[in-house]
1. Tell me, what HN-Hα J-couplings in whole Hz come from the Karplus equation 6.51 cos²θ - 1.76 cosθ + 1.60 at θ = phi - 60° for each residue of region 14-23, using x for Gly and Pro?
2. Note down the nm distance, to one decimal, between modelled labels 7 Å out along Cα→Cβ at His41 and at Ala20.
3. Could you derive backbone 3J(HN,Hα) for region 27-37 from the dihedral phi with the Karplus parameters 6.51, -1.76 and 1.60 (θ = phi - 60°), listing whole Hz in sequence and x where the residue is Gly or Pro?
Amino acid sequence: MNILSDFLTFPPLITMGTDALRLLLAFVLGVFIVNIYRWSHAGIPQKSFTDTLIIL
């Protein structure tokens with residue numbers, strides 16, 4: 001029963017600065033992954049796939 005109560009408790013509050021930093025890092029990592037994908041698939045046109053990676 002203790003596991004269930006631990007699961008249902010709210011996590012500690014996250015500040016707006018922490019959220020903004022996490023979103024920025026996720027965006028930078030996504031751009032980095034897209035650039036590696038574009039470099040490794042230079043001759044194959046799949047623009048929609050790289051756009052999807054950026055959105056994710």
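We did not get these values from a lab; they are worked out from the coordinates using the rules stated. Nothing here was measured: the structure is a model prediction, and the numbers come from that model. Here the Cβ positions follow ideal geometry from the backbone for every residue, glycine too, while neighbour counts run over all protein chains shown.
1. Listing the rounded values in order: 10, 6, 5, x, 5, 4, 4, 5, 5, 5 Hz.
2. 3.4 nm
3. Those phi angles translate into 5, 4, 5, x, 5, 4, 5, 5, 5, 5, 4 Hz.
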